[in-house]
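Structure, as structure tokens:
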Amino acid sequence: MAERRSKTAAEVTSKTVAEPAAAPRLLSGGNPQIARGHGDAPVQAYIAAMPGWKSEIGRRLDVIITGTVPGVSKAVKWNSPFYGVAGQGWFLGIHCFTKYVKVAFFRGALLDPPPPGASKQKDVRYLDIRENDEIDEAQLTDWVEQASRLPGERM
């Protein structure tokens, strides 16, 4: 009969310790490839993976959104963070491009005043933030607050 041998702590540890996660792959325009997921963790992983100055923009946007909409729902879908209100849908999304970060207000045409960037979709409006742009945080906060009160997108 074969002798059973228990594994030593070193053998167990060397095989059960996870390898550090590799940095997310950057897709075209520097958009991080982050696995789909709900909650703050995948959104924070996306923000941390945003290249260069874009990561700071992502952090500022997240602080403004979470400070303006208590209990905001978060998710990463299609390699982009989404923000919404439970039971109402998603009101805002963020996406990295080569030279700017795009903030999409899914019902932006209904905001007063609407964000400046038009879309092929009737209700969507965009705010593009470039590296040296000054962010009008008061206006952005107002848009976020207005957008959070409107019916969101179901995606």
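The values are calculated or read from the model by the stated rules, or taken from the named source; none is laboratory data. Remember, it's a predicted structure, so these values are computed and weren't measured experimentally. Virtual Cβ from ideal backbone geometry, glycine too; neighbours counted across all protein chains shown. Calculation scope for accessible area: heavy atoms of the full protein, side chains included, ligands and nucleic acids excluded. Shrake-Rupley method; radii C 1.70, N 1.55, O 1.52, S 1.80 Å.
How many residues does the stretch 81-90 contain that are touching a Phe, Trp or Tyr at 6+ places or on another chain (Cβ under 9 Å) and either assigned to a loop (DSSP other than H, G, I, E, B) or open to solvent by 10 Å² or more (accessible area, probe 1.4 Å) (or both)? Outline the logic, then answer.
Applying the first criterion (touching a Phe, Trp or Tyr at 6+ places or on another chain (Cβ under 9 Å)) to the stretch 81-90 yields 81-85, 89-90.
Imposing the further condition that a residue be either assigned to a loop (DSSP other than H, G, I, E, B) or open to solvent by 10 Å² or more (accessible area, probe 1.4 Å) (or both) reduces the set to 82, 85, 89-90.
Qualifying residue count, the stretch 81-90: 4.
In the stretch 91-111, which residues are among the hydrophobic types (A, V, I, L, M, F, W, C) and either crowded, with 21+ Cβ neighbours inside 10 Å or farther than 18 Å from residue 147 by Cβ (or both)?
91, 92, 94, 96, 97, 101, 103, 104, 105, 106
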Quiz item: Which residue pairs have Cβ atoms under 7 Å apart, sit 6 or more places apart or on different chains, and have a first residue in the stretch 118-137 that is hydrophobic (A, V, I, L, M, F, W, C) and a second that is open to solvent by 80 Å² or more (accessible area, probe 1.4 Å)?
Solution: 127/116
Quiz item: Which condition number in (1) modelled with pLDDT of 95 or more; (2) under 10 Å from the mean Cα position of the chain (by Cα); (3) under 19 Å from residue 155 (Cα atoms) is the one that residue 61 fails?
Solution: (3)
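Scan the stretch 35-45 and tell me whether some residue there is assigned to a strand (DSSP E or B), open to solvent by 10 Å² or more (accessible area, probe 1.4 Å) and closer than 25 Å to residue 146 by Cβ.
Within the stretch 35-45 (the criterion being assigned to a strand (DSSP E or B), open to solvent by 10 Å² or more (accessible area, probe 1.4 Å) and closer than 25 Å to residue 146 by Cβ), the answer is yes, since at least one residue qualifies.
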Quiz item: In the stretch 53-105, which residues are in contact (Cβ under 8 Å) with a residue 40 or more places away in the chain, among the basic types (Lys, Arg), over 16 Å from residue 139 (Cα atoms) and out of contact with any Cys (no Cβ under 6 Å at 6 or more places or on another chain)?
Solution: 77
